[in-house]
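The values are calculated or read from the model by the stated rules, or taken from the named source; none is laboratory data. Quick caveat: nothing in here was measured; it's all calculated off a predicted structure. Every residue, glycine as well, gets a Cβ built from its backbone with ideal geometry; the counts of neighbours run over all protein chains shown.
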Amino acid sequence: MTAELAGAFIPPRHPDSRKGRNGRVLIVGGGRIYHGAPALAAMAALRSGADLAYAAVPNIMAGAVRAASCDIIVIPMADQKLTRGAASQLAGAIPKGMDSAAVGMGLSVTDGLGVLLKRLVDMDVRVVLDAGALLPHEMEHIRDKNCILTPHAGEFRRLFGDEPPPDTASRAEMVSAKAIECGATILLKGPADIISDGRRTYINTGEVPAMTAGGTGDVLSGVVAGILARNRSGVEAAAAAAYINKRAGTLAQRDVGYHMVASDLIPLIPRVMGPLDRTAP
């Protein structure tokens, strides 16, 4: 991936834009001890250019997410986990006009994920699945629905039963095959990110050792959802987001070395994306 290609995948902004035209993003995540995950994802979505970010989080942590930023619109969920009851309640509370959703960061999932995914798909919301939402038995709900999966190697193995090969070329071949198999775009995170929908495959190189810090994947999911809200091509949105997230990590590592934390990436997203900004004629 290059800056030029990432920029081409980010739609230009119209000069007569009004609130909401540049993306409404829903983040569903968090748990009793993971209040930071949905907050990071929501702020990343906003910093990637989305106009509105809603965070649906367990009620027990709603106050913490509100305190994290006044820019996040918080939707409290009744249960600490994504139960069927919590998912049904949330399905009825999703605001109209939502463009994309990222589900799973810091989230404990029981039997409610399918209920939520069906509702999102019915509303024509493009979905990003991460972390706790990457479950093999839920893949039927997102097949051929313009969904993006964002696993690391361990989650990839849990999803598909296969260990990603160590070399980049073989890894890319496997990701492409699995993308066809599950009917979704896959963004396999690693020293070299592999992004494929089975037809197009992109490789985002650049080792950033400091990005082992917890939460950097949550930031990535937020950027993916933010761009997916404007570009309906899952593989393009995921590829652009992978470039932006890793480039922000490179800048953070340059600033603070191996001592970075995930929140260091948030203010750097505009620094990466600013040169890529375009205005529609």
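Do we have G190 as touching a Gly at 6+ places or on another chain (Cβ under 9 Å), small (G, A, S), closer than 30 Å to L251 by Cβ and assigned to a loop (DSSP other than H, G, I, E, B) here?
Values: touching a Gly at 6+ places or on another chain (Cβ under 9 Å): no; small (G, A, S): yes; closer than 30 Å to L251 by Cβ: yes; assigned to a loop (DSSP other than H, G, I, E, B): yes.
Taking the combined requirement at face value, the residue does not satisfy it.
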Please specify each residue of segment 122-146 satisfying the condition of being under 22 Å from I227 (Cα atoms) and part of a loop (DSSP other than H, G, I, E, B). M123, D124, V125, D130, L134, I142, R143, D144, K145, N146
Has segment 198-210 got any residue that is modelled with pLDDT of 95 or more and either touching a Cys at 6+ places or on another chain (Cβ under 8 Å) or closer than 22 Å to R13 by Cβ (or both)? no
Got a sec? Which of R171, R199 is more than 30 Å from G30 (Cβ to Cβ) and touching a Ser or Thr at 6+ places or on another chain (Cβ under 9 Å)? R199
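Please find, within segment 82-107, the residue that is surrounded by the fewest Cβ atoms within 10 Å (Cβ to Cβ) out of those that are under 17 Å from the mean Cα position of the chain (by Cα) and in a loop (DSSP other than H, G, I, E, B).
M98
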Hey, among the residues in segment 44-94 that are touching a helix residue (DSSP H, G or I) at 6+ places or on another chain (Cβ under 7 Å) and among the basic types (K, R), which one's nearest to G226 (Cα to Cα)? R47
The lone condition P15 fails out of (1) modelled with pLDDT under 95; (2) in contact with a helix residue (DSSP H, G or I) (Cβ under 9 Å, 6 or more places away or on another chain); (3) outside any helix (DSSP H, G or I); (4) surrounded by fewer than 17 Cβ atoms within 10 Å (Cβ to Cβ) is (2)
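Pull up segment 251-281, narrow it to residues that are part of a loop (DSSP other than H, G, I, E, B), surrounded by fewer than 21 Cβ atoms within 10 Å (Cβ to Cβ) and more than 19 Å from the chain's Cα centre (by Cα), then point me to the one that is modelled with the lowest pLDDT. Give the steps one after another, and end with the answer.
From segment 251-281, those part of a loop (DSSP other than H, G, I, E, B) are 260-261, 277-278, 280-281; that's our starting set.
Restricting the remaining residues to those that are surrounded by fewer than 21 Cβ atoms within 10 Å (Cβ to Cβ) gives 261, 277-278, 280-281.
If we keep only those that are more than 19 Å from the chain's Cα centre (by Cα) too, we end up with 277-278, 280-281.
Working: D277: 94, R278: 94, A280: 89, P281: 85.
Ranking the qualifying residues of segment 251-281, first place goes to P281.
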Just name the residue that is nearest to G31 (Cα to Cα) out of those in segment 108-119 that are outside any loop (DSSP other than H, G, I, E, B) and without any contact (Cβ under 8 Å) to a residue 40 or more places away in the chain. V109
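So that you can scan it fast, the table gives a plain yes or no per residue for (1) at pLDDT below 95; (2) in contact with a Gly (Cβ under 7 Å, 6 or more places away or on another chain); (3) at negative phi; (4) polar (S, T, N, Q):
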position: A131; (1), (2), (3), (4): yes, yes, no, no
position: E140; (1), (2), (3), (4): yes, no, yes, no
position: D144; (1), (2), (3), (4): yes, yes, no, no
position: I148; (1), (2), (3), (4): no, yes, yes, no
When residues of segment 224-250 are limited to those that are under 20 Å from H14 (Cα atoms) and polar (S, T, N, Q), the one surrounded by the fewest Cβ atoms within 10 Å (Cβ to Cβ): S233
The listed residue being over 21 Å from R126 (Cα atoms), without any contact (Cβ under 8 Å) to a residue 40 or more places away in the chain and of a type in the set (A, V, I, L, M, F, W, C), out of A192, A213: A192
Taking segment 18-44 on its own, how many of its residues are in a helix (DSSP H, G or I) and modelled with pLDDT under 90? 0
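State whether the residues of segment 22-33 include one that is more than 18 Å from V128 (Cα to Cα) and under 19 Å from the mean Cα position of the chain (by Cα). Spell out how you get there, then give the answer.
Within segment 22-33, the subset more than 18 Å from V128 (Cα to Cα) is 31-33.
Keeping just the survivors that are under 19 Å from the mean Cα position of the chain (by Cα) gives 31.
Checking segment 22-33: at least one residue is more than 18 Å from V128 (Cα to Cα) and under 19 Å from the mean Cα position of the chain (by Cα).
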Condition first: among the polar types (S, T, N, Q), farther than 24 Å from A213 by Cβ, out of contact with any Gly (no Cβ under 6 Å at 6 or more places or on another chain) and not in a strand (DSSP E or B). Can you find one or more residues in segment 60-78 that meet it? no
